[in-house]
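Accompanying notes for the structure given below.
Here, each number is a calculation from the coordinates, and none is a lab measurement. Computed from a predicted structure; not experimentally measured. Positions of Cβ are backbone-derived with ideal geometry, glycine not excepted, and every protein chain shown enters the neighbour counts.
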Amino acid sequence: MYKKIIQPQLDMVFSHVSSGGSLEELAARFGITLAGLEQLVRRHAPLARTIENAAGCRRARDDDAVENALFQRAVGFEQPDGKFSPPDVRAAMFWLKNRRPELWDEKNRNNNSLNIELSELEEGL
């Protein structure tokens, strides 16, 4: 079954999984049970790699969408109805603390300022 039916359709498998399709749906497309598909995945490395790569692409695309939405929220954006949503300070702080922790993380800022104050004190001695 694998060589005749599934192997020629690895591109479809990738497309299905990367677009958010479930393994249950994929199994149904091949007319097998989920357990049968899982067995084929364990036996055939190219199928396992295809599903793993497709899932990785889906996760990366989803992460990119969330990152973009957070950025839009942080800087403000125009809604489809023309209204403007102003920047959200919490979203901006979250963005900055995660993207530039050396400048915006409270722990780092406190440690850096403490180090500066100590070095300034040492210069005075």
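The sole residue among Ala54, Ala45, Ala28 that is aliphatic (A, V, I, L, M) and in contact with a helix residue (DSSP H, G or I) (Cβ under 6 Å, 6 or more places away or on another chain) is Ala54. Please work out which residue is nearest to Tyr2 (Cα to Cα), limiting yourself to the range 39-52 and to residues that are surrounded by 14 or more Cβ atoms within 10 Å (Cβ to Cβ) and of a type outside the set (A, V, I, L, M). Within the range 39-52, the match that is nearest to Tyr2 (Cα to Cα) is His44. Residues of the range 10-38 that are among the polar types (S, T, N, Q) and either surrounded by fewer than 16 Cβ atoms within 10 Å (Cβ to Cβ) or in a loop (DSSP other than H, G, I, E, B) (or both): Ser15, Ser19, Ser22, Thr33. Among residues of the range 39-53 being outside any loop (DSSP other than H, G, I, E, B) and touching a residue at least 40 places away in the same chain (Cβ under 8 Å), the one that is nearest to the chain's Cα centre (by Cα) is Thr50.
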